[in-house]
Amino acid sequence: AQSVSQHNHHVILSEAASLELGCNYSYGGTVNLFWYVQYPGQHLQLLLKYFSGDPLVKGIKGFEAEFIKSKFSFNLRKPSVQWSDTAEYFCAVSLSGNTGKLIFGQGTTLQVKP
Amino acid sequence: GAVVSQHPSRVICKSGTSVKIECRSLDFQATTMFWYRQFPKQSLMLMATSNEGSKATYEQGVEKDKFLINHASLTLSTLTVTSAHPEDSSFYICSASPRANYGYTFGSGTRLTVV
C-alpha cells in the first residue's frame, strides 16, 4: 500500500534558524506532492504543490520543496524560520490520475522559539 | 478563490443520536469532495470520496451505514454520523478542488464530541 513518511515528529528551532522537514513516499508511479500547514486552531492550508516540471517548488511564506524522484522524497525547506511558523506540517501525496485521494504523512510539529 | 466552508465547527451530541456535517464549495463547483478524519495528534485519514449524483466511495474499514454521505448538488456534500458513539468523537474535515492541478482546499473542520 502507498504510504507517506515524515521523519521528524517534533522539531524545535530558534528564530532565524534554517528548516528542513523530511518527507518520503512509497509508490513507484507518477505522483502529485503537497505540503500543508495547520496553524494552531486553524484549518489546513496549502503551502506548495508539485505536479510536474521544475522539481524545485516555491510556495507561500518563503517555503520551498524539492522533489527528488530517485529518492522518493519531497523535503520542505525554509532558510530562516519565524515564530509565526509554529504549526503542524503535513506532507501528502496523491496518485496521478487518482485525483483527490490524498495520503498524508504523520505530520511534524514545528515549534519556533522567539 | 477556492473556498470550502464546513459547518458546524463544533458539535456535541448524545450517544445514539445522529449528526450531520455540511461541506460547501463557496466559489466553485465540485463534482467530487473528500471526507477525512483526524484523531488527536495524528494525521488525516481519508474516509470516503463524495460523488455528486452518485454513491460515495468508502475507504476500506469505513462503515458506509454509519457514515452516510450525500452529495446532492455541485456545491454541497453532507456527512451524517448515525447512531454516534463516543469512539466516533473526532475531527472531521472535508476537501475539494476547483480543477485539475490546482490542489485541494480544506474546510475548517468539525470537532465532534459524543457524550
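The values are calculated or read from the model by the stated rules, or taken from the named source; none is laboratory data. In this text, all values refer to a predicted model and were calculated from it rather than measured experimentally. A quick note on method: Cβ atoms are made from the backbone with ideal geometry, for glycine too, and the neighbour counts reach across all protein chains shown. Each accessible area value is taken on the protein alone, full model and side chains, heavy atoms only, with ligands, DNA and RNA left out. Shrake-Rupley method; radii C 1.70, N 1.55, O 1.52, S 1.80 Å.
For chain B, the list of Cys residues with no other Cys C-beta under 4.7 Å reads B:Cys13. Share of carbon and sulfur in the accessible area of chain B stands at 51%, probe radius 1.4 Å. Note on surface exposure: B:Thr78, A:Thr109 rank A:Thr109, B:Thr78 by accessible area, highest first, 1.4 Å probe. Heavy-atom surface analysis with a 1.4 Å probe gives chain A a carbon and sulfur content of 51 percent of its accessible area. Under the criterion of Cα pairs below 8 Å and six or more residues apart, the relative contact order for segment B:45-91 equals 28 percent. Indicate the gyration tensor shape class of segment B:2-41 (rounded, prolate or oblate), computed on the Cα atoms with a ≥ b ≥ c the square roots of the eigenvalues: a/c under 1.5 is rounded; otherwise a/b larger than b/c is prolate and the rest oblate. The shape class here is prolate.
Mean sequence separation of contacting Cα pairs (under 8 Å, at least six apart), scaled by the length of segment B:13-115, corresponds to a relative contact order of 34 percent. In percent, rounded to a whole number, the relative contact order of chain A is 37, using alpha-carbon pairs under 8 Å and six or more apart. Computed from the C-beta positions of B:Phe39 and A:Ser5 and an R0 of 22 Å, the FRET efficiency is 0.80 to the nearest 0.05. How big a patch of accessible area, both sides summed and in Å² to the nearest 100, lies buried between B and A at a 1.4 Å probe? Chains B and A together bury approximately 1400 Å². Averaged over peptide B:96-108, the number of partner chain Cβ atoms lying within 10 Å of each residue's Cβ comes to 4. About the centre of its Cα atoms, the protein assembly as shown shows a dipole size close to 80 debye [charges on the beta carbon of Lys, Arg (+1) and Asp, Glu (-1) only; nearest 20 debye].
Under the convention that each Lys and Arg Cβ holds +1 and each Asp and Glu Cβ holds -1, the size of the dipole of chain B around its Cα centre is about 180 debye. With a ≥ b ≥ c the root eigenvalues of the C-alpha gyration tensor of segment A:23-65, is it rounded (a/c under 1.5), prolate (a/b larger than b/c) or oblate? Oblate, since a/c reaches 1.5 and b/c is not below a/b. Treating each Cα of chain B as an identical point scatterer and summing with the Debye formula, the log10 of I(q)/I(0) at q = 0.17 Å⁻¹ comes to -0.76. Burial of accessible area (probe 1.4 Å, heavy atoms of protein chains only) in segment A:42-80, relative to its chain alone, reaches at least 10 Å² for A:His43, A:Leu44, A:Leu46, A:Lys49, A:Phe51.
Convex hull volume of the C-alpha atoms in chain A, normalised per residue: 97 Å³. Do the alpha carbons of any pairs in A:Lys69/B:Lys55; A:Lys78/B:Lys20; A:Lys101/B:Lys41; A:Lys69/B:Lys64 sit beyond 28 Å of each other, and which pairs? Going by Cα-Cα distance, A:Lys69/B:Lys55; A:Lys78/B:Lys20; A:Lys69/B:Lys64 fall outside the 28 Å limit.
If you take the beta carbon distance between B:Thr82 and A:Glu15 as r and set R0 to 41 Å, what does 1/(1 + (r/R0)^6) give as a FRET efficiency, to the nearest 0.05?
Numbers: r = 48 Å, r/R0 = 1.17.
In this case the efficiency is close to 0.30.
Can you give the net charge of the other residues whose Cβ lies under 13 Å from the Cβ of B:Ser5, counting K and R as +1 and D and E as -1? Here the charged neighbours net out to -1. Our compactness index for the protein assembly as shown, the C-alpha radius of gyration over the empirical 2.2 N^0.38 Å, is 1.02. Sketch the reach of a paramagnetic label on B:Ser18 as a point 7 Å from Cα along Cα-to-Cβ, and name the residues of segment B:57-75 whose backbone nitrogen lies under 14 Å away. What the label zone holds, given the 14 Å backbone N cut-off, is B:64-71. For segment B:1-30, the set of trypsin sites (Lys or Arg not before Pro) satisfying both a DSSP loop assignment and a count of at most 11 other C-beta atoms within 10 Å is given as B:Lys14. The trypsin sites (Lys or Arg not before Pro) of segment B:41-70 meeting both criteria, a DSSP state outside H, G, I, E and B (loop) and at most 10 other C-beta atoms within 10 angstrom of the site's C-beta, are B:Lys41. Ligands, DNA and RNA are left out, and with a 1.4 angstrom probe the accessible area of chain B is 50 Å² per residue. Taken residue by residue and averaged, Cβ atoms of other chains lying within 10 Å of the Cβ of B:42-50 number 4.
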